[in-house]
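Asks: One structure follows; several queries about it will come next.
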Amino acid sequence: MGNYFQKEIECASREQIVAIQNEKLVSQVKRVYENVPYYRAKMDEKGVKPEDIKSIEDLHKLPFLMKSDLRDAYPYGLLGKPLSECVRIHSTSGTTGRRVVAFYTQHDIDIWDECCARALVAAGASKDDVVQVAYGFGLFTGGAGLNGGSHKLGSLTLPMSSGNTERQIQFMIDLNATVLCCTPSYAAYLSESVNERGVKDQLKLKAGIFGAEAWSEEMRKSIEEGLGLKAFDIYGLTEISGPGVAFECEEQNGMHINEDHFIAEIIDPDTGEVLPDGSVGELVFTCIDKEAFPLIRYRTRDLCSLSRVPCPCGRTHVKMGKLMGRSDDMLIIRGVNVFPSQIETVLIKNGYAANYQIIVDRVNNSDTFDVNVEITPDMLSDTTMGISEREKHLVNDLKAMLGIKAAVHIVEPKSIARSEGKAVRVIDKRKF
């Protein structure tokens, strides 16, 4: 049994959680129907009125929102409050076409900060810790979310942002940072840099909160060893608020969703039908007390499962499993579903760092599938296995994992561009 930021709600009974969700959902649907013409039109089209929603049992009657709706309603079409009450925006990076802009009232930010404070406490942090936030600040939600959570908790906060690795390591050592927050790919890079400089023994890190990318258990272990900390996953998306929608506890086997603020469903991505707990499908979120940007039944495109098996940590909120990929960035190569995390698993098991790039193209109507993998400096000095032998070995292991053959190219250390934000793991040159 660990510590909690808000024990009474984090350990509430199922009945209490459902009662909170019922009450908040009913009033949220009414508020959105009255204040968001875009969503009202979707409800009218489906023939649903606010009075049809009496509890979470009726959630399935409501229409979905998708990323395309956010683009169509850009910039102000999904606002649930007057602009005069909104205090901030964040925006997603990297989507094609119009960016997604999410709005926040002060109340929304207070809730978000609380959710991130819960995540920090679950990772073992308290007000006596020094929290180094190396997620990007600005429009990206990562920096702002963990920064707010750390303030709420009362920890000394180092708002480093990403990049400037020399300075990151200097502050980490000089200010005795105990908790590191950044993307897993940047954590792996920091670990590599710390070990190259031989300063690992000067670090005081005990925990890391790494999100914004899918990462494998193998990558977790390698970061934990490299930085001498315990690595925790955190989940969020700009549309729903940012990091802190769900977070790992000391069990490190799934993330507790903050169910007093977000209702999660798993649906069949093809039919939209709600699936029972334990099934893998697409994760859908309903924000039940967000004011400025109150998304209802938002399809995340993330694939995972939900579990209500009681957790030894004492938290009662439903857990989402590790992301299995996305129903849209999943690669389909020669008809086979391929997730980058599967490739990462094979590489790390074979002693390679998580620095790789997948290049997919189409030549003469058939898919080409290349994986560039960085060799590590110690492998270079180890002459027992030649480069072509190493490539052959990885080709076989990848084929066993994926069911299709990839062309593997071993490349020089540090020749794949390093990422300080989200790593660009996939280059898909096919024109669909």
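Asks: Determine if the stretch 228-238 includes at least one residue that is in the same structural domain as HIS317 (by TED's automatic domain parsing) and over 22 Å from the mean Cα position of the chain (by Cα).
Replies: Yes, that holds for at least one residue.
Asks: Let me ask something additional. So which residues in the stretch 26-48 are in contact with a helix residue (DSSP H, G or I) (Cβ under 7 Å, 6 or more places away or on another chain) and either surrounded by fewer than 17 Cβ atoms within 10 Å (Cβ to Cβ) or at positive phi (or both)? If you could, list the steps in order and put the result at the bottom.
Replies: In the first step, residues of the stretch 26-48 are kept if they are in contact with a helix residue (DSSP H, G or I) (Cβ under 7 Å, 6 or more places away or on another chain); the result is 29-30, 32-33, 39-40, 43, 48.
Matches in the stretch 26-48: LYS30, ARG40.
Asks: Which pairs have Cβ atoms under 7 Å, sit 6 or more apart or on different chains, and link a residue in the stretch 395-422 that is in contact (Cβ under 8 Å) with a residue 24 or more places away in the chain and among the basic types (Lys, Arg) to one that is surrounded by 15 or more Cβ atoms within 10 Å (Cβ to Cβ) and assigned to a loop (DSSP other than H, G, I, E, B)?
Replies: LYS422/THR183; LYS422/ALA212; LYS422/GLU213
Asks: Got a sec? Which of ILE20, ILE53 is touching a residue at least 40 places away in the same chain (Cβ under 8 Å), surrounded by 14 or more Cβ atoms within 10 Å (Cβ to Cβ), assigned by TED's automatic domain parsing to the domain that holds SER241 and not hydroxyl-bearing (Ser, Thr, Tyr)?
Replies: Selected residue: ILE20, the only one of ILE20, ILE53 that is touching a residue at least 40 places away in the same chain (Cβ under 8 Å), surrounded by 14 or more Cβ atoms within 10 Å (Cβ to Cβ), assigned by TED's automatic domain parsing to the domain that holds SER241 and not hydroxyl-bearing (Ser, Thr, Tyr).
Asks: Now for a different question. Just to be sure I understand, how many residues within the stretch 340-373 are among the acidic types (Asp, Glu), at pLDDT 95 or above and in contact with a Phe, Trp or Tyr (Cβ under 8 Å, 6 or more places away or on another chain)?
Replies: Total meeting the criteria: 0.
Asks: Still on this model: So how many residues does the stretch 195-219 have that are crowded, with 22+ Cβ neighbours inside 10 Å and either of a type in the set (Lys, Arg) or out of contact with any Gly (no Cβ under 8 Å at 6 or more places or on another chain) (or both)?
Replies: 6
Asks: Can I ask one more? How many residues does the stretch 48-74 hold that are within 24 Å of the chain's Cα centre (by Cα) and either at pLDDT 95 or above or of a type outside the set (Ser, Thr, Tyr) (or both)?
Replies: Result for the stretch 48-74: 7.
Asks: Right, here's the next one. Given the criteria surrounded by 14 or more Cβ atoms within 10 Å (Cβ to Cβ) and charged (D, E, K, R), does ASP382 qualify?
Replies: No.
Asks: Quick check on GLU213: is it charged (D, E, K, R), assigned to a loop (DSSP other than H, G, I, E, B) and touching a Ser or Thr at 6+ places or on another chain (Cβ under 9 Å)? Before the answer, list the steps.
Replies: Working: charged (D, E, K, R): yes; assigned to a loop (DSSP other than H, G, I, E, B): yes; touching a Ser or Thr at 6+ places or on another chain (Cβ under 9 Å): yes.
Yes, satisfied.
Asks: Given the residues SER341, SER388, which is the only one that is in contact (Cβ under 8 Å) with a residue 12 or more places away in the chain and on the phi < 0 side of the Ramachandran plot?
Replies: After ruling out the rest, the residue left standing is SER341.
Asks: Let me ask something additional. Among strands (runs of 3 or more DSSP E) lying entirely in the stretch 248-339, which contain 3 or more residues that are among the charged types (D, E, K, R), modelled with pLDDT under 95 and surrounded by fewer than 21 Cβ atoms within 10 Å (Cβ to Cβ)?
Replies: Of the strands (runs of 3 or more DSSP E) lying wholly inside the stretch 248-339, none has at least 3 residues that are among the charged types (D, E, K, R), modelled with pLDDT under 95 and surrounded by fewer than 21 Cβ atoms within 10 Å (Cβ to Cβ).
Asks: Continuing with this model, one more query. With respect to the numbered conditions (1) among the acidic types (Asp, Glu); (2) more than 23 Å from ASP113 (Cα to Cα); (3) assigned to a strand (DSSP E or B), which one is the sole condition not fulfilled by ASP233?
Replies: Only one criterion is unmet by ASP233, namely (2).
Asks: Same structure, new question: Pairs needed: first member in the stretch 268-292, more than 12 Å from LEU303 (Cβ to Cβ); second member anywhere, small (Gly, Ala, Ser) and surrounded by fewer than 23 Cβ atoms within 10 Å (Cβ to Cβ); C-beta distance under 7 Å; at least 6 residues apart or different chains.
Replies: Hits for this filter: ASP277/SER307; GLY278/SER305; GLY278/SER307; PHE285/ALA264.
Asks: In the stretch 173-195, how many are at pLDDT 95 or above, out of contact with any helix residue (DSSP H, G or I) (no Cβ under 8 Å at 6 or more places or on another chain) and part of a helix (DSSP H, G or I)?
Replies: Selection size over the stretch 173-195: 1.
Asks: Give the stretch 22-73 a look and list any residue that's among the basic types (Lys, Arg), under 21 Å from VAL274 (Cβ atoms) and in contact with a Lys or Arg (Cβ under 8 Å, 6 or more places away or on another chain), or say none. Give the derivation first.
Replies: Step one: filter the stretch 22-73 for residues among the basic types (Lys, Arg), giving 24, 30-31, 40, 42, 46, 49, 54, 61, 67, 71.
So of that shortlist, the ones also under 21 Å from VAL274 (Cβ atoms) come out as 24, 42, 46, 49, 54, 61, 67.
Across the stretch 22-73, the qualifying residues are LYS46, LYS61, LYS67.
Asks: Given the condition part of a helix (DSSP H, G or I) and touching a helix residue (DSSP H, G or I) at 6+ places or on another chain (Cβ under 8 Å), answer yes or no: does some residue in the stretch 133-146 qualify?
Replies: Within the stretch 133-146, the subset part of a helix (DSSP H, G or I) is 141-146.
Adding the requirement that they be touching a helix residue (DSSP H, G or I) at 6+ places or on another chain (Cβ under 8 Å) leaves 145-146.
Yes: one or more hits.
Asks: Separate question: Out of ILE358, ILE348, ILE343, which single residue is in contact with a helix residue (DSSP H, G or I) (Cβ under 8 Å, 6 or more places away or on another chain) and assigned to a strand (DSSP E or B)?
Replies: Exactly one of ILE358, ILE348, ILE343 is in contact with a helix residue (DSSP H, G or I) (Cβ under 8 Å, 6 or more places away or on another chain) and assigned to a strand (DSSP E or B), namely ILE358.
Residues checked against (1) of a type in the set (Phe, Trp, Tyr); (2) assigned by TED's automatic domain parsing to the domain that holds MET43:
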{"position": "VAL284", "(1), (2)": "no, yes"}
{"position": "CYS287", "(1), (2)": "no, yes"}
{"position": "SER307", "(1), (2)": "no, yes"}
{"position": "LEU323", "(1), (2)": "no, yes"}
{"position": "LYS349", "(1), (2)": "no, no"}
{"position": "TYR356", "(1), (2)": "yes, no"}
{"position": "ILE359", "(1), (2)": "no, no"}
{"position": "ARG362", "(1), (2)": "no, no"}
{"position": "ASN365", "(1), (2)": "no, no"}
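The values are calculated or read from the model by the stated rules, or taken from the named source; none is laboratory data. Model, not experiment: these values are computed from the prediction. Counting neighbours? That spans all protein chains shown, and the Cβs are built from the backbone with ideal geometry, glycine included.
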